[in-house]
Amino acid sequence: MSRRRVALYAVAAVFVVLFGGRWTAIRYTEAAWYADLGLSGLYWSRLVHDLLWELAVAATATLWYAAQTVAVYRSIGAVHLPRRVGNLEIAEAVPRRLLRWIALALALVLGIVTAATFSDIPALVALYRSAAPLSLQEPVLGHDAAFYVARLPLLETLHLAALLLVLFGAFVSAGLYAMTGSITVAERRLRMTPHARTHLVVLAALLALVVAWGFQLDAYGLVGGGGSADGALAAADRAVRIPAAGALAALALVVAAGSVATLRLNRHGLLLAMWATLAVGAVVGRYVAPYLSDAWGKPDPATQLALAQYADRYSRAGLGVLDDVRQEQPPVATALPPESLDVVRRALEGLSPWDAEPGLLDAALNAALSDTVRPRAWSTTLDAYPGPGGTPALVDLAVPETDVLALRRAARPTDWTALHRGPLAWAGDPVAVSAGAAGGGALRFLAALDPAAGPSAVPQPVARAEGRIRFLAHGAELAVAGPDEPAPAAGPSGLRLGGLLRRLLLAWTLQSPPLLDRRTSVSDRLIIWRDVPDRLQRLYPFATFGAPRAVLAGGRLVWMADGFLASARFPLADHVTWNGDEVNWLCAAYVATVDAVTGDTRLFLRPPDLTFAARLAAGTGARALPSDSLGPDLRRHLGYPEDLFLAQAEMLARHRGDTGTAARPWEVAVPGGAAAPAGEPPAPHATLALLALGAPQPQLWRLLPLADAAGNALVGIVAGTTRPDGRLSLRLLRYPAGAYPTLAAADSRMALSPAAVGAVAEAAGPQGNVHRGDIAVVPVAGTLAYAQFLYATANRQDVPLMPRGLTVLAAGRLGVGADPESAARALGSARESATAESGTSASLSQARAAFLALDSAVHRGDWIQFGRAYETLRRALGVTVTPPHRP
């Protein structure tokens, strides 16, 4: 055997080992992981399904390219390559057998590349097969919405694949013909052999058929979220683009038939004329005519109104707010009667100072706990649990996890054993914090979530089942459980490391060489893919899951995550931005649970059970349990998914149900001081509040205010909650424009209040720090209450920021207190704000508070706050400053 052949075999062997061995190791690890979960059947059915479709795509593409390359091969008479023998140069004929193998190898490579490019076809096939009707038929082309959501994506992908196959087939064939001399340019004229001409004309006819298919899909794409009016249909779409798509499809069919006919007529000019006509028609029909219709046309007002009504109805239906949203117009109160102050106090107690400031809660928990073993990444969940007397109470359930990213950034590397099988591998004991606004700024820990349990200043873990918390909400490294640790009674026990070959495959997949040395043994059990988001995405790849939430159910710590189905192909609907993508269909169809100790993972349908979602899960081999399988402990913690709520609020702001086309859209109101990256608008935040909005018992509501188009006044509040049966309930509270200020106006008014500035400055002192939280808007007592928590610390170096006050603005009055009770009392005793804040007879305490705010701003270098405090001090002293005269 020659050296060249030995080297070739060696390179091929290395290639197979590196890529094939890696693929084998990953498949082996996945199979072992699924077997540990008791889901071997699910894994193998998915693997076979995906492999069969990928092989089908690869085989189809390979056969197609082989047909092109072999067709070129058959037209070749002989190929000669120059070869030097001594001082002579001869032309040696290449064996035809070698040419045939080269043609087949080229086809195989192109087929594999095509299969890798369209690796999403198996998932789209499963989606296509799950297309249960959504019971909403669009009136333009007469298809159910499920056709656009589930079937159109596969059709568009297959069309793209067919288009690329034809184009690349023509390119490869033309290139090979040019290389072999079947296509030449002589005397400025293109010359080709009859075989090459027949081959390329047939490809041109096939291309015309694919183009005709594409024009037909364009009409579906326009209706299914591809219109020019933010995804919804415009007048030009209905009048020009859709009819033009049908006409162009017919023209492309004529070009396909004419292209075949030119083979007998031998008229190259006719072929070029037909394709030029198709190209001009495509440009005119797709771009020129619609542009002229938009610019100069006068669409029928009735058509415009009908399209606007379609956009309103289908845009709201795509996000689930067509029939469920309930519009109300609460009365507007111009004054706050004394008897309603107790209602205001209870509403303020339903707010949490940690809702919009989770980072401050993390810092406070770190300061309260004496655990110095790990850098913590807290997973905190704000929820309602039964309180004293059975009344719901706000509780923050916090789980301390190891901050793996902080360990990686540390100067000294962390010991592998400590990180993967020591205390750092597991989460700490969960703690519960009474999260209501009552009780001042101190952390109040709960020993147990029981109505009889009272708060304590000493942190202690919440009662839970025995066993370490092995499954986490944040990114987690693999963990190793020794043979002396008992396996959980339910759920996965871990992958036994076993012999050398098994450990090699696991270490290769997980990129963890220590699994091969003495730091592990054959009897150890390996727990992999422990973070909940990664775990759910592997088990249920057909859905997108939100951030996991920690709940206590039946004495066990359970992670819950909302599962979403999203699409940009819902008919006649415009788009919203969701998780960085533009979507116009969003459904919170699933709820996934993961036991934090055992890892037992289940998928439930969220009420109402959507047939489409159940069929989609079944089509991928997963089992989605019906919603009535959720126990009462889990059902009460379903909550309203924030991701869905924000998208629904944005859509309601655009389509609030007003008839006619003259109504201007609203916008989601954001706090004036909200932090956002440069060049981006502030992100909205939905307030969680425990309120009794027309119900005997308080419920956990999500609230998000809406402003008018100019952003000058608050015009509504979107409110969402979960019913006792688990269904979502959405309300739109509408207020007359001009009755209530925006968040920015309320923020400025609170910031310039001497009472608020003084309260925070006295709490912080000259060496402290001050922070004002976001503003929450709460409908209460026939009016709107604007609440803002104030945070301060007397020592910015060692003591974290804690809630030190609450500012409330309601019915033109402003009250400041340390808690909701004192703030409500101050609100009742306050004069009308226009009078209270315009006087010049300031007290000494107000001036002292303003000076402390000035001093604190100087130490922080916060010159904006310094200017505000300066103006407050000037008003408190009653000094009028005359602007200097400038010539």
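The values are calculated or read from the model by the stated rules, or taken from the named source; none is laboratory data. This structure is a prediction, so every number in the text was calculated from the model and none was measured. Cβ placement follows ideal geometry from the backbone for every residue including glycine, while neighbour counts extend to all protein chains displayed. Only protein heavy atoms, including side chains, enter the accessible area calculation; ligands, DNA and RNA are left aside. Shrake-Rupley method; radii C 1.70, N 1.55, O 1.52, S 1.80 Å.
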- request: Counting other Cβ atoms within 10 Å, keep those with at most 14, restrict to DSSP loop, and tell me which chymotrypsin sites (Phe, Trp or Tyr not before Pro) in segment 336-417 are left.
  value: none
Förster radius 35 Å - calculated FRET efficiency between Ala418 and Gln767, Cβ distance, rounded to 0.05: 0.40
- prompt: So what's the angle, to the nearest 10 degrees on a 0 to 90 scale, between helix 301-318 and the longest Cα principal axis of the chain?
  reply: 80 degrees
- request: Would you mind getting me the FRET efficiency between Val48 and Arg191? Use the beta-carbon distance for r and R0 = 45 Å, nearest 0.05.
  value: 0.30
- prompt: What are the residues whose amide H is under 5 Å from the amide H of Asp574, where those residues sit 5 or more places off or on another chain and H is modelled from the backbone?
  reply: Ala232, Ser315
message: Going by amide H atoms built from the backbone, whose H comes under 5 Å of the H on Val780, apart from near neighbours?
response: Ala785
message: Can you work out the Karplus-derived ³J(HN,Hα) for every residue in segment 710-726? Use 6.51 cos²θ - 1.76 cosθ + 1.60 with θ = phi - 60°, whole Hz, and x for glycine or proline.
response: 7, x, 9, 8, 7, 10, x, 9, 8, 10, x, 8, 10, 6, x, 7, x
- prompt: Which length gain, in nm to one decimal place, applies between Leu263 and Trp863 when the Cα-Cα distance is subtracted from 0.36 nm times their residue separation?
  reply: 207.9 nm
- prompt: If you roll a 1.4 Å probe over the heavy atoms of the protein chains, what accessible area per residue do you get for the chain, in Å²?
  reply: 48 Å²
Computed E for Ile26/Asp628 - FRET, C-beta separation, R0 45 angstrom, nearest 0.05: 0.75
Cα-projected label distance for Glu328 with Val522, points at 7 Å along beta-carbon direction, nm: 6.9 nm
task: Compute the projected area of the convex hull of the Cα atoms of segment 9-55, averaged over all viewing directions, and report it in nm² to one decimal place.
output: 3.7 nm²
- request: Starting from the amide H of Gly436, placed 1.01 Å from N in the peptide plane, find each other amide H under 5 Å away whose residue is 5 or more places distant or on another chain.
  value: Leu394
query: What is the gain in length, in nm to one decimal, between Ala306 and Thr117 on full extension, counting 0.36 nm per residue of separation less the C-alpha to C-alpha distance?
result: 63.9 nm
field: Per DSSP, loop trypsin sites (Lys or Arg not before Pro) in segment 1-81 with at most 15 further Cβ within 10 Å
entry: none
field: Cα-based radius of gyration of segment 184-300 once divided by 2.2 N^0.38 Å, which approximates compact folds
entry: 1.32
- prompt: What trypsin sites (Lys or Arg not before Pro) does segment 206-267 have in DSSP loop regions with at most 16 other beta carbons within 10 Å?
  reply: Arg267
Full-stretch length increase - Val16, Leu253 - with 0.36 nm per residue and alpha-carbon distance subtracted: 80.7 nm
statement: Between (i) 177; (ii) 275; (iii) 189, the structure-derived volume of the Cα convex hull per residue in Å³ is (ii)
- line: Within the chain, excluding any GluC sites (Glu not before Pro) found in a DSSP loop (not H, G, I, E or B) and having at most 11 other Cβ atoms within 10 Å, the longest uninterrupted segment runs 467-887
message: Can you compute the modelled spin-label distance between Asn579 and Arg723, with each label point 7 Å from Cα toward Cβ, in nm?
response: 2.7 nm
message: Spelling out what I want: for every residue of segment 811-822, take phi, set θ = phi - 60°, compute 6.51 cos²θ - 1.76 cosθ + 1.60 (Karplus), and round to whole Hz; glycine and proline get x.
response: 6, x, 10, 10, x, 10, x, 7, 8, x, 5, 5
- prompt: Stokes-Einstein D for segment 368-422 at 20 °C, 1.002 mPa s, Kirkwood Rh over Cα pairs, in µm²/s?
  reply: 155 µm²/s
